[in-house]
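I have placed the structure first, in the form of structure tokens, so that the comments after it can refer back to it.
The values are calculated or read from the model by the stated rules, or taken from the named source; none is laboratory data. On a predicted model such as this, the values are computed, not experimentally measured, just so you know. Counting neighbours? That spans all protein chains shown, and the Cβs are built from the backbone with ideal geometry, glycine included.
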Amino acid sequence: MLKLQRGQKLVVATHNDGKLREFRTLLEPFGLELVSAGELGLPEPEETGTTYHENAELKSVAASKASNLWALSDDSGLSVNALDGAPGIYSARWAGPSKNFDDAMVKVHTELMGKGAMAPGRRGAEFIAVLCLSTPEGETAFFEGRVAGTLVWPPRGTKGFGYDPMFQPQGHMRTFGEMEEKEKHHWSKSEIGLSHRSRAFSTFVKECCPDD
């Protein structure tokens, strides 16, 4: 089992500032020294995988080898039932080269309109996250989390990133874009945050993090 030590330097294999903020929030209690692949100037590997697991592994292994440090990545996306699981692993690509998720949300909504999927019951979706922890020696471990919800239109809230403003998690009246970071992205022994990443982290923390 891979086990991190308090004070250990860990590369978060991302160039996305929003995602880095989530990692910092989730890992704050464990005394780890976090640095992102972007801050280290590491290149972004081409995501050629066909699954979340494959793409997460590509990113963490590349960051670990380039930095000679342990690295943690995630690959995540929005899977829309009426769109046969799209955009899925291509969720970021739907935002285009400029990573404009306002455009990506419009694209999702337009695709749903084309399917006649306007009623909430036909707008079901799921956020999926897969974490991969890698070492320079080539060891890897995976952790998965999911959260179901409904896609709303127009988007609501500015507190998240990506597709958060149009995703209303099951059992809640607010979108992820209307929720505070701590509500969505936290983990403790007694409570897990609402987000898919929090759910993946709950397993990761139990298995790999130092005692808090």
- Task: Please tell me if A66 is aliphatic (A, V, I, L, M) and either under 30 Å from R122 (Cα atoms) or crowded, with 20+ Cβ neighbours inside 10 Å (or both).
- Result: no
- Pick from the range 69-79 the residues that are within 15 Å of F204 (Cβ to Cβ) and not hydrophobic (A, V, I, L, M, F, W, C): which of them is surrounded by the fewest Cβ atoms within 10 Å (Cβ to Cβ)? S76
- Item | Any hit, the range 160-181, residues being at pLDDT 90 or above, within 23 Å of S91 (Cβ to Cβ) and of a type in the set (K, R) | yes
- Which members of the range 17-47 meet the condition of being touching a residue at least 24 places away in the same chain (Cβ under 8 Å) and part of a loop (DSSP other than H, G, I, E, B)? G31, L32, A37, G38, L40, L42, E44, E47
- Message: I'd like the full set of residues that are under 19 Å from V130 (Cβ atoms), assigned to a helix (DSSP H, G or I) and not hydroxyl-bearing (S, T, Y), limited to the range 48-69.
- Response: H53, E54, N55, A56, E57, L58, K59, V61, A62, A63
- Message: Tell me the residue from A82, A37 that is farther than 21 Å from E181 by Cα, at pLDDT 95 or above and surrounded by 15 or more Cβ atoms within 10 Å (Cβ to Cβ), please.
- Response: A82
- Message: Looking at the range 145-161, I want the residues that are under 24 Å from A200 (Cα atoms) and have a partner that is part of a loop (DSSP other than H, G, I, E, B) and of a type in the set (D, E) with Cβ atoms under 9 Å, at least 6 apart or on another chain. Which pairs are those?
- Response: K159/E180
- Query: Does the range 150-163 contain any residue that is outside any strand (DSSP E or B), surrounded by 15 or more Cβ atoms within 10 Å (Cβ to Cβ), polar (S, T, N, Q) and in contact with a helix residue (DSSP H, G or I) (Cβ under 6 Å, 6 or more places away or on another chain)?
  - Reply: no
- Within the range 185-208, can you find the residues that are charged (D, E, K, R), crowded, with 23+ Cβ neighbours inside 10 Å and modelled with pLDDT under 85? none
